[in-house]
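The values are calculated or read from the model by the stated rules, or taken from the named source; none is laboratory data. Just so we're clear, the structure is a prediction, and the values are computed from it rather than from any experiment. Cβ: placed from backbone, ideal geometry, glycine included. Neighbour counts: every protein chain shown.
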Amino acid sequence: MGTALAQLDEEILVREKIAELTLPDGVKFKRIEQMNDWTGDPSLTIYFGVSKRRPTSPKSIRELTVMTKTLRKAILDLGLGKFPFFRFEDAR
């Protein structure tokens with residue numbers, strides 16, 4: 001039970017960091033999954049939904065890149081010991 005509470009606390013902290021961001025138009029936070037990366041180390045996968053109506057352009061890709069870099073730094077600064085990965089899905 002202690003591990004589940006620790007994961008819940010981590011998720012709350014990460015959700016707070018996401019809430020501090022201004023997400024690009026057409027992008028919505030979906031969920032967080034606790035995982036292990038390819039080396040077996042604990043990690044977080046954070047999913048965002050992206051509207052199909054959002055244009056794919058160099059500018060829109062830059063916006064997503066800046067968002068993930070900013071969020072990655074904020075999460076690593078929390079000192080959770082888990083590397084954050086980001087995935088983008090259809091925003092249905």
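Any residue in the stretch 22-36 that is over 13 Å from Tyr47 (Cβ atoms) sitting within a Cβ distance under 8 Å of a residue that is of a type in the set (Val, Ile, Thr) and surrounded by 15 or more Cβ atoms within 10 Å (Cβ to Cβ)? List the pairs, counting only those 6 or more apart or interchain.
Close Cβ pairs satisfying both conditions: Gly26/Val50.
Return yes or no: is Val50 surrounded by 10 or more Cβ atoms within 10 Å (Cβ to Cβ), touching a Gly at 6+ places or on another chain (Cβ under 9 Å), in contact (Cβ under 8 Å) with a residue 24 or more places away in the chain and not charged (D, E, K, R)?
Yes.
Residues checked against (1) at pLDDT 90 or above; (2) over 11 Å from the mean Cα position of the chain (by Cα):
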site: Thr3; (1), (2): no, yes
site: Asp41; (1), (2): yes, yes
site: Tyr47; (1), (2): yes, no
site: Thr65; (1), (2): yes, yes
site: Thr68; (1), (2): yes, no
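With respect to Ser57, is the statement that it is loosely packed, with under 10 Cβ neighbours inside 10 Å and not basic (Lys, Arg) true?
When the stated conditions are applied, Ser57 passes them.
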